[in-house]
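Data first, discussion second: the structure below is written as structure tokens.
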Amino acid sequence: MKILKGSCFCGGIKYEIHGPLEEVLNCHCSDCRKAHGAAFRTRASVNGSDFKFIEGENLLKEYRSKVNEARCFCSRCGSALFTRFDHSEKIGFALGTLDDDPEVAVGMHLFVSDKAPWYDIVDDLPQYDEFSG
Ligand SMILES: [Zn+2]
Ligand SMILES: [Zn+2]
């Protein structure tokens, strides 16, 4: 298993991922759009214990976006790193701050009914309106 390295925009937070990236998908929900300032967020499920801070954990802040989940980001530069869930060991990891190639491919588009009207999906990946597991 290859160790993946990543960092936030300002470089204050550095991390490594020591496990597999699963359920790699583009999330088109409005929460992701707002949090990332982008048409969608490419994310993967990662075991929380496989995500290790190398530097700058003290810079991490969280915004409780839903009752049971929190969006975690760098308080200096605003890079959105992952979503944490109160009742799960998994985190929803945003691929955008990786420095290494994870050698995985996006498998689907999710929450497509929530998609930004100004963005057209132009690939042939499956599209879903909700998460079916
Ligand atoms: Zn930062
Ligand atoms: Zn989303």
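The values are calculated or read from the model by the stated rules, or taken from the named source; none is laboratory data. Worth saying up front: this structure is predicted, and the values here are computed from it rather than measured. Quick note on the areas: whole protein, heavy atoms, side chains included, nothing else; ligands and nucleic acids left out. Shrake-Rupley method; radii C 1.70, N 1.55, O 1.52, S 1.80 Å.
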Over the range 77-133, what relative contact order in percent results from Cα pairs under 8 Å that are six or more residues apart? 26 percent
Contact order relative to length for the chain, counting C-alpha pairs under 8 Å separated by 6 or more residues, stands in percent at 28 percent
Among rounded, prolate and oblate, which fits the range 53-133 when a ≥ b ≥ c are the square roots of the eigenvalues of its C-alpha gyration tensor, a/c under 1.5 means rounded, and a/b larger than b/c means prolate? prolate
Rounded if a/c is under 1.5, else prolate if a/b beats b/c, else oblate: with a ≥ b ≥ c from the C-alpha gyration tensor eigenvalues square-rooted, which is the range 1-81? oblate
Probe 1.4 Å, accessible area per residue of the chain, Å²: 57 Å²
Run the helix sum for the chain: -39,500 (n - 2.57) per DSSP H stretch of 4+ residues, divided by residue count, reported at 222 nm to the nearest 500 deg cm²/dmol. -1500 deg cm²/dmol
Please list HIS109, HIS87 in order of solvent-accessible area, largest first, computed with a 1.4 Å probe with all protein chains present. HIS87, HIS109
Report, to the nearest whole %, how much of the accessible area of the chain belongs to carbon and sulfur atoms, 1.4 Å probe, protein only. 51 percent
